[in-house]
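*Asks:* Structure below; questions to follow.
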Amino acid sequence: MTLLVTGGAGYIGSHTVLELLAAGQDVLALDNLSNSSRESLRRVAALTGREPGFIQGDVRDRTLLDRIFTDTAIDGVVHFAGLKAVGESVSEPLRYFDNNVTGSITLCEAMAAAGVRRLVFSSSATVYGDPAAMPIDENCPTGTPTNPYGRSKLMVEQVLQDLGRSDPRWSIALLRYFNPVGAHASGRIGEDPHGVPNNLLPYITQVAVGRLKQLSVFGGDYPTPDGTGIRDYIHIVDLAQGHLAALDYLRQHTGVRIWNLGTGTGYSVLDMIRAFEVASGRAIPYVITGRRAGDIAECWADAGKARRELGWQAHRGLTQMMADAWRWQSENPDGYATGDTPQN
Ligand code: NAD
Ligand code: UFG
């Protein structure tokens, strides 16, 4: 049987496809390449010695989905496909709701028609809004996301909750990611955002290789020990492995389940800069500017539920996150455009 991985060429998708292939799972990746390159999965194939199937197409294309479910024996779907740039979601809300919400609904309709009811969905800690207390566990009520991207994630969660209630045969995991960073230890795959990065670590690594001049630290007056924002950064390989643990669980349980995927430890922006400087030996010039609209002061997970129920926890610490992020960026200063894997 084969797993369909939507958005499989992207940052989290490619690392998850690698772990799935390494675990012996057959994979078919579906991606429209709107924010990724075909090269990521070529490198995954070179690293694992196993070729994932690949279809360039859109998750909103129902005809294509029906063909995939007819042609291939799919027994579950890991759904990464979506748009994720918070600022862009404010200026282009319809594109975000269409890709993220309509895309998810179309996928579920096609799954239901094909009788495939096992689904892992990429949600986000953003659905908690601005919680009153840390750490955040899964019983913390969802809050009010501050932007259309966050609202699209919460909407899809609600759609999937209703879907699970409507038909008990569904097995659905809502995985609430905290802040994925780093890269595979080989340095061959990593995060390669199109345009100027929105997220902290790719911004730092691009400053380090000279693609960007300096980092703006968004806010130095938060009620945190050093005044900068605190987040729960999780190594991308740990995060990818969390999907395998969730799939194992779904094979034995029905219903809709929610798990935080985080480490349980928070680091400030200044902690991150210092740790990166140590790992890379490069100084990161930065300036403290005003707060970014919509940011919260702090956000870290209670990671206990995933540990108890999935037997999964993050193992890789900050030093490894930084070393792996730097290996990827320094060996691929222009991301996947640096050098393509020869095709046979
Ligand atoms: P990414 O942009 O690298 O990957 C998303 C992939 O989906 C890309 O390859 C893109 O080309 C593809 N895609 C987008 N719209 C599509 C569509 N309509 N049809 C087919 N393919 C489409 O992003 P990522 O960081 O790998 O994120 C994966 C998922 O995890 C997203 O749903 C994102 O919202 C969610 N998430 C990411 C983070 C994070 O910090 N990276 C945090 C929480 C949740
Ligand atoms: N930051 C800077 N300068 C930058 C970029 C970020 O100081 O150039 C700061 C932010 O203010 C924040 C921290 O670094 O304090 C992390 O910011 P990111 O943009 O890397 O991550 P966010 O926590 O804002 O958001 C991320 C994902 C969202 C997801 C959220 C919760 O981008 O998709 O985590 O999972 F919803």
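The values are calculated or read from the model by the stated rules, or taken from the named source; none is laboratory data. Everything quoted here is computed from the prediction, not taken from an experiment. Glycine gets a Cβ as well: all are built from the backbone with ideal geometry, and neighbour counts include every protein chain shown. Just the protein is used for accessible areas: all its heavy atoms, side chains included, with ligands, DNA and RNA removed. Shrake-Rupley method; radii C 1.70, N 1.55, O 1.52, S 1.80 Å.
*Asks:* Would you point out which residue out of 228, 265, 254, 205 is without any contact (Cβ under 8 Å) to a residue 60 or more places away in the chain and β-branched (Val, Ile, Thr)?
*Replies:* Values: 228 fails: without any contact (Cβ under 8 Å) to a residue 60 or more places away in the chain; 254 fails: without any contact (Cβ under 8 Å) to a residue 60 or more places away in the chain; 205 fails: without any contact (Cβ under 8 Å) to a residue 60 or more places away in the chain.
Result of the check over 228, 265, 254, 205: 265.
*Asks:* Take the residues of segment 294-309 that are within 16 Å of ligand 1 (Cβ to nearest atom) and under 22 Å from residue 182 (Cβ atoms): which is farthest from the chain's Cα centre (by Cα)? First the steps, then the outcome.
*Replies:* First, pick out the residues of segment 294-309 that are within 16 Å of ligand 1 (Cβ to nearest atom): 294-296, 299-301, 303, 306.
Right, trim to under 22 Å from residue 182 (Cβ atoms) and you get 295, 299-301, 303, 306.
Numbers: 295: 18, 299: 16, 300: 16, 301: 15, 303: 17, 306: 17 Å.
Going through the qualifying residues, I end up with 295.
*Asks:* Go through segment 75-102 and give me each residue that's over 19 Å from residue 158 (Cα atoms), away from ligand 2 (no atom under 16 Å from the Cβ) and buried (at least 20 other Cβ atoms within 10 Å of the Cβ).
*Replies:* 76 - this is the single residue of segment 75-102 that is over 19 Å from residue 158 (Cα atoms), away from ligand 2 (no atom under 16 Å from the Cβ) and buried (at least 20 other Cβ atoms within 10 Å of the Cβ).
To keep it simple, each residue is scored yes or no on (1) under 14 Å from residue 292 (Cα atoms); (2) out of contact with any Pro (no Cβ under 9 Å at 6 or more places or on another chain); (3) surrounded by fewer than 17 Cβ atoms within 10 Å (Cβ to Cβ).
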{"residue": "188", "(1), (2), (3)": "no, yes, no"}
{"residue": "198", "(1), (2), (3)": "yes, yes, yes"}
{"residue": "213", "(1), (2), (3)": "no, no, yes"}
{"residue": "223", "(1), (2), (3)": "no, yes, yes"}
{"residue": "226", "(1), (2), (3)": "no, yes, yes"}
{"residue": "231", "(1), (2), (3)": "no, yes, no"}
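*Asks:* OK, next. Between a residue in segment 120-134 that is away from ligand 1 (no atom under 11 Å from the Cβ) and part of a loop (DSSP other than H, G, I, E, B) and any residue that is among the hydrophobic types (A, V, I, L, M, F, W, C) and open to solvent by 20 Å² or more (accessible area, probe 1.4 Å), which pairs come within a Cβ distance under 6 Å, given they are 6 or more apart or on different chains?
*Replies:* 130/296; 131/140; 134/300
*Asks:* I'm checking my understanding of the structure. Among residues of segment 250-293 that are small (Gly, Ala, Ser) and in a strand (DSSP E or B), which one is nearest to the chain's Cα centre (by Cα)?
*Replies:* So, considering only residues that are small (Gly, Ala, Ser) and in a strand (DSSP E or B), the one nearest to the chain's Cα centre (by Cα) is 268.
*Asks:* Could you give every pair whose Cβ atoms fall below 7 Å, whose first residue belongs to segment 1-21 and is of a type in the set (Asp, Glu), and whose second residue is part of a helix (DSSP H, G or I) and open to solvent by less than 10 Å² (accessible area, probe 1.4 Å), counting only separations of at least 6 or pairs across chains?
*Replies:* Filtered contacts from segment 1-21: 19/240.
*Asks:* Only one of these conditions is not met by residue 24: (1) open to solvent by 30 Å² or more (accessible area, probe 1.4 Å); (2) within 15 Å of ligand 1 (Cβ to nearest atom). Which number is it?
*Replies:* That leaves (2) as the condition not met.
*Asks:* Go through segment 1-17 and give me each residue that's farther than 19 Å from residue 84 by Cα and open to solvent by less than 10 Å² (accessible area, probe 1.4 Å). So that I can check it myself, show each step before the final result.
*Replies:* Of segment 1-17, the ones farther than 19 Å from residue 84 by Cα are 1-4, 17.
Correct list: 3, 4, 17.
*Asks:* Please work out if residue 203 is in a helix (DSSP H, G or I) and buried (at least 19 other Cβ atoms within 10 Å of the Cβ).
*Replies:* Yes; evaluated as a whole, the condition is true for this residue.
*Asks:* Can you find a residue that is charged (D, E, K, R), at pLDDT 95 or above and either away from ligand 2 (no atom under 16 Å from the Cβ) or open to solvent by less than 30 Å² (accessible area, probe 1.4 Å) (or both) anywhere in segment 171-182?
*Replies:* yes
*Asks:* Let me ask you something else. Do you know which residues across segment 294-326 are assigned to a helix (DSSP H, G or I) and either open to solvent by less than 50 Å² (accessible area, probe 1.4 Å) or aromatic (Phe, Trp, Tyr) (or both)?
*Replies:* 304, 305, 306, 310, 318, 321, 322, 323, 324, 325, 326
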